[in-house]
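A.B. asks: Got a structure for you, questions after.
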Amino acid sequence: MEKFFVNIKEKSFWILLLLGLLALTGILDHSAWTPDEPRVVAISLEMSRTGNLIVPHLAGVPFLEKPPGYFMLGALFIKLFSWLFGVTGSVRFMGFLLTVGTLFFSYSLAKILYNKRTAFFTALILGTFFGFVDNTHRAIVDVGLAFFSTAAVWAFAMVFFRNRRWHCCYAALFTSGAFLCKGFIGVIFIAIAWFAMVVITIYNGKKQTQRFKNLIIPHLSALVILVVICGTWMWSLWHFGGKDLWYEWFMVNHVGRLTGTAVGKGHFRPQWYYYLESLSYYCLPWTPALILSLYVLVKNIKKKRLIKQDIFISIWMVLSVIALSISETKRELYIFPILPAFAILIATFFNNHLLNLPKWYIIYDKVLTILLAIVAFAAIIPFFAWKLIAPQLKYEPFFPPQILSWQFIIVILNIGVLIYYLRKKKVKNTVVHMSCLTCFAFIGLLTILPYFIEGKKNMELTLKPFMQQIEKVDRSQIASWNFSETMLSGFYMYFDWSMPQLIKTDPETFAATMDVERLQNIVSGNDKTYKYVIFERTKEDVIADTLGHNNYKILVDRNKIKKYKRNLILIEGEK
C-alpha cells in the first residue's frame, strides 16, 4: 500500500499549494455580490469609520442579527489593507486567512484523532467540498464561525486525546470568538463536540475518575475566560445599547429564529431532512464517498468495531445536524461550520479502504476525472466565443473577456498544469487525484465567473443609473420604504448614503413595522423632514393602494432605466 503514498510525501507541498491557490482564486477581482456580501462589508466598513465596536450598524441603524466579532475583524482588515485590496477585497482577504486557518486546524484535529495520512486527506477533502469552496470565497460571517469552532474543537481534542489539560484555556478563547461571530449557535457547535469527547472518555474505561478531577480546574478557568469575554460584550450591549437592542439581539435573533416567532427574518423551512439534502451537494464531489463512509460506519456500529475516535466523530456529526434541524430557521450555509467532521469521516474511510474500493466508485472516479477536466478546459471558451455567449445573457455584462488579460493568463496556466498532471503515468492516489482535478476545475470556474455574474451582482454598477436620475434631488429630504438590507448596504457602501427608513418600533414588544402613517404624511406634504420616498421592489398599483387618495408624482421609474436597472421608484409628495 505504501506505493500509493510515496509520491504524496514528495509532492505534498505542491498539492497543498494548489489547494491554497484555489482558496485565493476569485476573492479580489469583483465587487461585493448580493445578497449577503454587501451587508457584511457595509457593516464592517461603517465600524471602521465610527469605531463603535459594541453595536454593529448598517447604514446608521443598529444591526443586531449577530454579535460584532466578525465585523470587528473586517473593520481591522479594511483599515490595514483597503489601500491595497479595496474595501471588499480586504474583507475577503481576511476570509482567505480564516479559510487557511480552518484547513490547518482540521488537519491538526484529524492528526490528533488518527494519523498524518488521514489528516492530509482531511485537508484535501475539506478544501475541495463544493460547500466549502462556495462559502469561503464570499465575505460572510460563517467563515469566521467555521474557523473559531474548528480551532476550539482542536483545543479540546488536545485536552482529551493528548492530555494537554490547560488547552482548555485556548478552547475558551476560540469559543469566545465563535460566540462573537455568530452568537450562541457557535457555542452549541463546540459544546456538542466537547460532549462527544466526554462521552468517549467515559466509554474508554472506568479508570477515568482521577483524570476528570484533574480537568476540573482547567475547565473552570476556561469557563471564567468564556464568561468574561462574552459577558463583557453582552453587558456592554445592555448598558450602551439599551433594552430594546438587547431584546432585538437575544429574543428576536436567537430565541425567535429557533422557535419560528421571528417571521420577518425569513429562511423558514420545516422539513426535518433539509440539511440531509444540503449535505448531498455541499459535499460534492465527495458525496458518493460520504455515502460509503456512512455505510461502513453503520456496519462497524452493528459489529461493535468502533474505536473511540469513530464514536467521537459520529456523535459530533449527528448531534450537530439534529441541533440545526430543530431550529425553525434553516439555510444551507448553516451546515458549513461542521463540514470538517464530515471531511474527517471520509478521510478515515479512504485511509482504511483505499485499495479495496467498490467497482462502481472506481467508475465514478474515472467519469468524474473526465468531467472535471472538461470543466477546466472549458474555462478558455469565453475568451474566444464571447460574441456568441453575451447575447444569451439576460443582463448586460460588466466587462467582456480579453485575451492577454490576467484572467486569460490564469486560465492558460491552469490548463497547462492540468495537461502536465494528466500526462503523468505514475499510479495516482484516488484522494489526491480527485482533489487536484477538483482544484483545477474550480480555479477555472472562479476565474471566469465574474464575466457572467458581475453585471448582475455589482450594486454600484446597477445603482449608478438611478443615482444619476436623482442627483438634483436633495438627499436630506429622501426616505426609503421597504428597503432590503442589501439595498441599504449598496447605498451606504458605494454612495456614502445612510438611507433613512420609514419604520417604527413598538415600545412594548420592540417589534419593527413599516410606518404607513408617516409615509402618507410625506406624500400629503405634512412631514417636516422628508418630501420624497424611494420604493424598492414595489409595483405601482401597490404603491397607489398604500398611499390611498394622496396625490404624488413619480420622478424616477425603474422601467425608464434600461441599463443595469434596479427595482427602485422615486416619488414626490404634494408641495
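A.B. asks: So GLN468 clears everything in (1) in a helix (DSSP H, G or I); (2) touching a residue at least 12 places away in the same chain (Cβ under 8 Å) except one condition, right? Which one?
C.D. replies: With (1) in a helix (DSSP H, G or I); (2) touching a residue at least 12 places away in the same chain (Cβ under 8 Å) applied to GLN468, the lone miss is (2).
A.B. asks: Quick check, is PHE212 aromatic (Phe, Trp, Tyr) and modelled with pLDDT under 95?
C.D. replies: Taking the combined requirement at face value, the residue satisfies it.
A.B. asks: For the stretch 160-178, name all the residues that are aliphatic (A, V, I, L, M) and over 19 Å from the mean Cα position of the chain (by Cα).
C.D. replies: Those that are aliphatic (A, V, I, L, M) and over 19 Å from the mean Cα position of the chain (by Cα): ALA171, ALA172, LEU173.
A.B. asks: If you don't mind, there's one more thing I want to ask. May I ask you to say which residue of LEU18, LEU22 is part of a helix (DSSP H, G or I), at pLDDT 95 or above and outside the structural domain of PRO68 (by TED's automatic domain parsing)?
C.D. replies: Every option except LEU22 fails the conditions.
A.B. asks: Yes or no: PHE105 touching a Gly at 6+ places or on another chain (Cβ under 7 Å), of a type outside the set (A, V, I, L, M) and either outside the structural domain of VAL41 (by TED's automatic domain parsing) or under 26 Å from VAL199 (Cβ atoms) (or both)? Break it down into steps so the answer makes sense when it comes.
C.D. replies: Values: touching a Gly at 6+ places or on another chain (Cβ under 7 Å): no; of a type outside the set (A, V, I, L, M): yes; either outside the structural domain of VAL41 (by TED's automatic domain parsing) or under 26 Å from VAL199 (Cβ atoms) (or both): yes.
When the stated conditions are applied, PHE105 does not pass them.
A.B. asks: Within the stretch 419-444, which residues are surrounded by fewer than 18 Cβ atoms within 10 Å (Cβ to Cβ), aliphatic (A, V, I, L, M) and over 15 Å from ASP365 (Cα atoms)?
C.D. replies: ILE419
Listed here are the residues, each with its yes/no results for (1) crowded, with 24+ Cβ neighbours inside 10 Å; (2) within 20 Å of the chain's Cα centre (by Cα); (3) of a type in the set (S, T, N, Q).
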site: PHE93; (1), (2), (3): no, yes, no
site: PHE104; (1), (2), (3): no, yes, no
site: PHE121; (1), (2), (3): yes, no, no
site: PHE129; (1), (2), (3): yes, yes, no
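A.B. asks: Let me ask you something else. What pairs come out if I take residues in the stretch 217-236 that are farther than 14 Å from PHE179 by Cβ and assigned by TED's automatic domain parsing to the domain that holds PHE250 and pair them with residues that are among the aliphatic types (A, V, I, L, M) and loosely packed, with under 13 Cβ neighbours inside 10 Å whose C-beta lies under 8 Å away, six or more apart or interchain?
C.D. replies: none
A.B. asks: Let me ask another. Of ILE78, ILE112, which residue is assigned to a helix (DSSP H, G or I), crowded, with 23+ Cβ neighbours inside 10 Å and over 14 Å from the mean Cα position of the chain (by Cα)?
C.D. replies: Result: ILE78 is the single residue among ILE78, ILE112 that is assigned to a helix (DSSP H, G or I), crowded, with 23+ Cβ neighbours inside 10 Å and over 14 Å from the mean Cα position of the chain (by Cα).
A.B. asks: Still on this model: Taking LEU98 as meeting all but one of (1) within 19 Å of ARG331 (Cβ to Cβ); (2) part of a helix (DSSP H, G or I), write down the number of the exception.
C.D. replies: Exception for LEU98: condition (1).
A.B. asks: Another question about this same structure. Restricting attention to the stretch 154-175, report how many residues are more than 17 Å from SER106 (Cα to Cα) and either crowded, with 24+ Cβ neighbours inside 10 Å or of a type in the set (A, V, I, L, M, F, W, C) (or both).
C.D. replies: 5
A.B. asks: So, in the stretch 336-365, exactly how many residues are closer than 13 Å to PRO285 by Cβ and without any contact (Cβ under 8 Å) to a residue 40 or more places away in the chain?
C.D. replies: 0
A.B. asks: Please go through the stretch 449-471 and pick out each residue that is under 18 Å from LEU28 (Cβ atoms) and acidic (Asp, Glu).
C.D. replies: Scanning the stretch 449-471 gives GLU454, GLU460.
A.B. asks: If you check ILE307 against the conditions, is it at pLDDT below 90, aliphatic (A, V, I, L, M), under 30 Å from the mean Cα position of the chain (by Cα) and farther than 17 Å from TYR282 by Cα?
C.D. replies: no
A.B. asks: A follow-up question, please. I want to confirm something. Restricting to the stretch 536-569 and keeping residues that are within 29 Å of PHE399 (Cα to Cα) and modelled with pLDDT of 80 or more, which single residue is surrounded by the fewest Cβ atoms within 10 Å (Cβ to Cβ)?
C.D. replies: Checking each candidate, the answer is GLU536.
A.B. asks: Restricting the stretch 281-309 to residues that are part of a loop (DSSP other than H, G, I, E, B) and of a type in the set (A, V, I, L, M), which is nearest to ILE125 (Cα to Cα)?
C.D. replies: Selected residue: LEU284.
A.B. asks: How about the stretch 41-65: which of its residues are surrounded by fewer than 24 Cβ atoms within 10 Å (Cβ to Cβ) and either touching a Gly at 6+ places or on another chain (Cβ under 6 Å) or at positive phi (or both)?
C.D. replies: Correct list: GLY51, VAL55, GLY60.
A.B. asks: Quick one: count up the residues across the stretch 364-408 that are buried (at least 18 other Cβ atoms within 10 Å of the Cβ), touching a Leu at 6+ places or on another chain (Cβ under 9 Å) and modelled with pLDDT of 85 or more.
C.D. replies: 6
A.B. asks: Now, a different point. Since THR348 meets every condition but one in (1) crowded, with 21+ Cβ neighbours inside 10 Å; (2) polar (S, T, N, Q); (3) over 28 Å from the mean Cα position of the chain (by Cα), which condition does it not meet?
C.D. replies: Just one mismatch for THR348, condition (3).
The values are calculated or read from the model by the stated rules, or taken from the named source; none is laboratory data. Just so it is clear, the structure is predicted and the values come from calculations on it, not from any experiment. Neighbour counts run over all protein chains shown; Cβ positions are idealised from the backbone, glycine included.
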